[in-house]
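Before any comments, here is the structure.
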Amino acid sequence: MSNDTHSMFNDTQSVSFPQERQNHWQVFPYPTDGVTVYENPPAFVWLPAEQDTDHKTPYTVTLETADGTQVLCETVFGNTFVPDRLLPAGDYRWNLSSDDAVRGWESFTVAENAIPFLRPTVDEVLSGIPAERPRHLFSVSDIAHLQKTRADALDTLRRNIAEAYKDGLPARPMYHTDETALPYREYFGRFRDFCDRNLVACALGYYLLDDKDAGAFAKKLFLHICDWNPGGPCSLCGPWGDEVGLSCARCFPAVFDLLAPLMDAKERAYAAQAVIAYALQCEDRLQRLDYMKNPGNSHAGRLPAYLGEAALSLWGEPGIDPRMLRRWLSYALQIYGGMFPFFGTPDGGWAEGTFYATSYTKWYLPLFSAVARYSGKSFFDRPFYRNFARYLLHFSLPDHELHPFGDGYWCSPESPEWPGFFAQNPFRVYADISGLDEACAYDRRLSAQNLYSLHLLDVFLPTDALIRHDGFTKQPTDADAFPDAGFVSLHSGRQNPASDLHLMARASKFGPGSHRQPDNGSFALFSGGTALLCPSGYFGRAYGTKHHMQWLNSTKAHNAILVDGIGQDFSDFRHTGKIVSCGMDGGQRTAVLDLSDSYPMLQTWVRTFRITDAHTVVIEDTITADRPVEITYPLHMLSKPADSTAIESDVPPMSLSVMRGGKLLRVTPDDGCFVSLSLSDRFDVDLNEGEPDAYHVRMPDQYHAYYKTEKKSEHHLRVVFRVYQM
């Protein structure tokens with residue numbers, strides 16, 4: 001360790017290594033200036049130099065203590081670096097250089113309670129893998145314990161196996177050549193029943209229930225799907241859609257591990273080649289995306305897990321190159337020990353909203369569990385996974401009618417539109433990790449299922465032996481913020497859910513794109529789980545319909561403002577927001593959001609939310625522009641609203657009433673805020689526009705109210721939302 005404080009960099013040297021993101025797929029550099037990190041050592045992440053197209057550009061990372069004492073100076077390739085030693089708690093600064101370019105110093109603090117986590121290595125994981133099978137989801141030594149402690153889950157598994165027998169074998173996909181065949185969207189939804197549900201259930205039943213008939217059926221179904229060309233419509237990388245291939249890549253490694261003893265040498269080698277084919281497609285897709293630089297592709301974040309699982313499942317199989325398996329596992333460990341998760345942030349939030357959070361945090365659990373068992377080092381120790389249950393306790397409450405924000409906010413686990421994709425039990429595994437009693441209670445409640453729909457691979461993970469409860473996760477409060485992901489959650493009283501007034505709002509550095517709408521500043525309001533105000537719009541038949549792209553992905557569909565009729569731009573990831581503050585203010589719960597960057601035509605937009613008592617929310621907006629502008633103030637709801645002045649004589653002008661679920665919401669703007677109010681029961685773009693009649697869908701009606709102001713360069717808006725029990 002050197003005491004030369006300026007051996008490489010001069011404090012006054014100008015920044016010449018830009019770290020501004022150019023698209024919504026790119027990494028966020030980390031640690032950012034002034035941040036406190038709760039992981040020791042942290043993963044250092046940066047935007048690569050423009051000329052670095054193949055990870056061959058060297059980068060020098062220099063780390064010093066606050067007094068200038070050098071801690072390390074390493075030259076690496078790629079755009080991430082994780083030290084192999086723990087850092088004493090305290091203040092640090094780090095710099096980055098590439099060729100002649102220097103980024104400049106940025107400071108951060110390693111917290112006293114930062115979680116120590118030295119990353120697992122390939123050798124540590126592989127040296128712990130047992131010779132016998134199963135070895136992936138659980139080991140032989142786990143089975144008796146699982147049988148004893150998971151009796152209810154095993155009863156559900158028996159019902160799943162009976163359902164699998166009824167379904168039989170799936171027909172191969174023909175949507176790529178036959179116009180009369182089941183189309184892609186309908187096919188992959190049904191294929192999940194055969195692969196993610198039936199195949200996995202029967203393979204699990206073979207070991208956990210000693211059900212030889214289930215094992216025989218699983219083997220027949222597995223080899224049946226292996227017969228299909230992985231390079232055809234089942235491909236992860238082909239032109240016909242990737243969902244069928246994703247199911248195969250997700251399930252095949254675990255199923256191979258569970259069924260290997262039932263297959264003869266020829267069948268086993270044949271099935272292993274199918275596992276390899278899908279793993280190679282995962283690897284190819286990640287390389288073509290250059291995932292290390294561009295982790296914002298929502299489908300790709302699961303693929304390193306499938307690579308790692310294939311490596312663990314195939315390790316030691318005759319005729320398979322161990323160097324290839326080591327390469328796959330090394331890549332997975334590098335991703336999950338470094339810049340991952342992109343959409344999951346250290347505060348426990350998931351930037352793409354609740355619908356995607358519940359599933360996208362499930363895909364990699366089998367790999368994480370296996371790595372922890374065999375290396376003694378657990379990715380679950382990282383801050384996001386420790387904090388995720390707290391996010392779920394605000395945004396994934398099962399008694400809420402819907403779950404803002406992002407695509408799929410209207411879906412539930414029972415939704416026929418996407419069965420099981422909103423995880424039936426989001427709390428499974430994460431409740432144990434957090435140690436939060438409330439999360440564990442939801443876990444027990446949601447574990448009671450008639451059938452497992454999609455996420456069977458994490459049902460029987462032996463997590464009780466792997467996870468330490470160290471009290472790291474904060475207890476949820478009535479005013480919580482997830483500033484990295486960009487969400488606030490205010491409650492009148494979380495401990496009384498039947499009467500709780502619950503407001504959620506979004507202000508995110510992620511901006512719009514992918515499954516995120518242009519809705520910074522938007523909010524939703526619930527009373528006792530009843531949705532009184534919410535986002536509007538749906539997918540329609542599937543992602544990418546005209547309604548989805550032109551309505552749901554417009555600001556007008558959300559409870560955020562329009563300026564002269566114009567909202568945030570879905571194509572511009574720089575339309576971001578930030579949480580200024582969130583907390584208790586006397587008896588009030590208050591959150592302040594700055595949405596100015598989402599509206600380039602404005603100078604400022606600051607929105608303040610206050611829950612002032614058990615029945616009342618007050619929202620205040622301060623909006624300034626360099627010219628007079630008209631503000632449109634949309635509100636969306638699931639029940640038909642009424643202009644209160646049309647039905648009552650003693651209410652202020654432009655008051656609005658909404659009745660739903662035995663609740664009456666009265667919306668009352670301050671006098672002079674608005675000059676007009678209009679109501680509508682139509683989307684600007686119909687739900688089924690552009691879709692063939694045979695694929696029209698019917699979804700619950702939604703309703704819309706639009707307040708408008710006069711044109712002014714400064715607007716100070718105040719609206720009171722009061723809920724009455726009817």
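Since every read-out is calculated from the coordinates, none of them should be taken as a lab result. Computed from a prediction, not measured in an experiment: that's the story for all the values here. Virtual Cβ from ideal backbone geometry, glycine too; neighbours counted across all protein chains shown.
Below is a table of values for the structure above.
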item: Gap separating the Cα centres of the stretch 180-194 and the stretch 14-76, nearest whole Å; result: 44 Å
item: Sorted by Cβ density within 10 Å, fewest first, the residues Val675, Val488, Val720; result: Val675, Val720, Val488
item: Asp167 versus Met584: modelled label distance in nm, points set 7 Å from Cα along the beta carbon direction; result: 4.8 nm
item: Neighbourhood net charge (11 Å Cβ-Cβ; Lys/Arg +1, Asp/Glu -1) for Arg150; result: -3
item: Shape of the stretch 479-725, Cα gyration tensor, a/c cut at 1.5; result: rounded
item: ³J(HN,Hα) computed for each position of the stretch 341-346 - Karplus, 6.51 cos²θ - 1.76 cosθ + 1.60, integer Hz, glycine/proline x; result: x, 5, 7, x, 10, x
item: Residues Thr180, Thr80, sorted so that the one with the fewest Cβ neighbours within 10 Å comes first; result: Thr180, Thr80
item: Links that overshoot a 18 Å alpha carbon limit, given the list Lys148/Lys377; Lys640/Lys663; Lys556/Lys578; result: Lys148/Lys377; Lys556/Lys578
item: Simple Cβ-charge dipole of the chain, Lys/Arg +1 and Asp/Glu -1, about Cα centre, in debye nearest 20; result: 1320 debye
item: Spin-label model distance (nm) - Asp210 vs Glu620, 7 Å beyond Cα toward Cβ; result: 7.0 nm
item: Cα-based equivalent ellipsoid of the stretch 324-412: semi-axis lengths in Å, sorted from largest, via gyration tensor; result: 28, 13, 11
item: Ser107 paired with Lys546, simple spin-label distance in nm, labels 7 Å along Cα-to-beta-carbon; result: 5.6 nm
item: Cβ-based exposure ranking for Arg285, Arg192, in which fewest neighbours within 10 Å come first; result: Arg285, Arg192
item: Relative contact order (percent, whole number), the chain, Cα cutoff 8 Å, 6+ residue spacing; result: 9 percent
item: For Rg and Dmax of the Cα atoms in Å, calculated from these coordinates, the label among (i) 29.6, 105; (ii) 26.5, 84; (iii) 25.4, 82; result: (ii)
item: For the stretch 35-116, average projected area of the Cα convex hull in nm²; result: 5.3 nm²
item: In sequence order, calculated HN-Hα J values of the stretch 545-558 (Karplus, 6.51, -1.76, 1.60; Hz; x Gly/Pro); result: 5, 4, 4, 4, 7, 9, 10, 4, 8, 10, 5, 4, 7, 10
item: At least 30 Å along the helix axis (C-alpha) and Kyte average at least -0.5, DSSP helices within the chain; result: 265-289
item: Selected from Pro318, Ile115, Val563, residue furthest toward positive end of dipole (the chain; charges at beta carbon); result: Pro318
item: Rounded Å value of the spacing that divides the Cα centres of the stretch 700-726 and the stretch 500-557; result: 16 Å
item: Value at 222 nm in deg cm²/dmol, rounded to 500, when DSSP H runs of n ≥ 4 in the chain each add -39,500 (n - 2.57); result: -8000 deg cm²/dmol
item: Rounded, prolate or oblate (a/c below 1.5 giving rounded, otherwise prolate when a/b exceeds b/c) for the stretch 589-718 by Cα gyration tensor; result: oblate
item: Extension reserve of the Val606-Val675 stretch, reckoned as 0.36 nm per residue once the Cα distance is removed; result: 22.7 nm
item: Sparse-neighbourhood loop sites, GluC sites (Glu not before Pro) in the stretch 569-678 - DSSP loop, at most 16 other Cβ within 10 angstrom; result: Glu630, Glu648
